[in-house]
Amino acid sequence: MQNWENYEQLYKKEQAFLRYPADWVLRFNNMYLKNNLPEKARILDFGCGSANNSTLFIAQGHEVFGIDVTDSIYPLIKKNLDLHNLDPENILRFTHAKPPLLNLPYEDNSFDFILSNQVHYYSVSEDEIHQINRDLHRILKPGGSIFVTMMGMKNYYITHHLKELSQNAQVYKIRVTDPAHRLYGVSEDVLAVRDEHHLIDLFNEFEMVSVGYFDQSMFDLYSNFHFIFVGRKSPL
């Protein structure tokens, strides 16, 4: 609930208002999705936030759905649709539900691609991640793909803002105490990935296509290290 309360307030204050697709999502789209998606694919942006990544796929003519944990997303999604000159009716495909995002309101085998960018690691345990994955696997079409990013131990939230381990020794408690930081005052519980073996085990519900990472350093961003998992659902 700590993370849910954070994002309820961050979205309301537009403190977490992202306007453009993440560059690692753009690269994945150019390197993989353009050659591996139907012309008009059904896509789920799991943990969509302000729909900054969704706009990339909507602009390409795909049918994009999104879900997040608070109704504070809707004004931000509307702003992004306007910013990118996209049909405002697209907002009707976005919804919200309180965490954990289990038993998703979508039919079996209904999506060609699922994006989970910086979302899964807000789960309270590895067991919850596997529960989420089983539901995502259910709604993914046979042969469909999933792209997930997970915070790694090199990330500066861990190296510079770690407060303590939680009681279950899987989740790290983060508190941002730098007044100049965009997320100043935020306390988060994060399940960080130790290494690639840990990553693959967390997503063993899917066939692995590729694993990797991205890392950037700029100004007070010492490292935004995240692992990348690309998987798919076995074709029938």
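Here are the numbers for this structure:
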{"item": "Residues (more than 23 Å from PRO38 (Cα to Cα) and surrounded by fewer than 16 Cβ atoms within 10 Å (Cβ to Cβ)) located in the stretch 54-84", "result": "ASP71, PRO75, LYS79, ASP82, LEU83"}
{"item": "Strands (runs of 3 or more DSSP E) completely within the stretch 70-172 that count 3 or more residues being free of Cβ contacts under 8 Å to residues at least 40 places away in the same chain", "result": "162-165"}
{"item": "Qualifying positions in the stretch 85-97 - surrounded by fewer than 16 Cβ atoms within 10 Å (Cβ to Cβ) and over 20 Å from HIS137 (Cα atoms)", "result": "ASN85, ASP87, PRO88, GLU89, LEU92"}
{"item": "Enumeration of residues in the stretch 53-71 that are in contact with a helix residue (DSSP H, G or I) (Cβ under 6 Å, 6 or more places away or on another chain) and at pLDDT 95 or above", "result": "ASN53, THR55, ILE58, VAL64, PHE65, GLY66"}
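The values are calculated or read from the model by the stated rules, or taken from the named source; none is laboratory data. Keep in mind it's a predicted model, so treat the numbers as computed, not measured. Please note: Cβ atoms are built from the backbone with ideal geometry, for glycine as well, and neighbour counts cover all protein chains shown.
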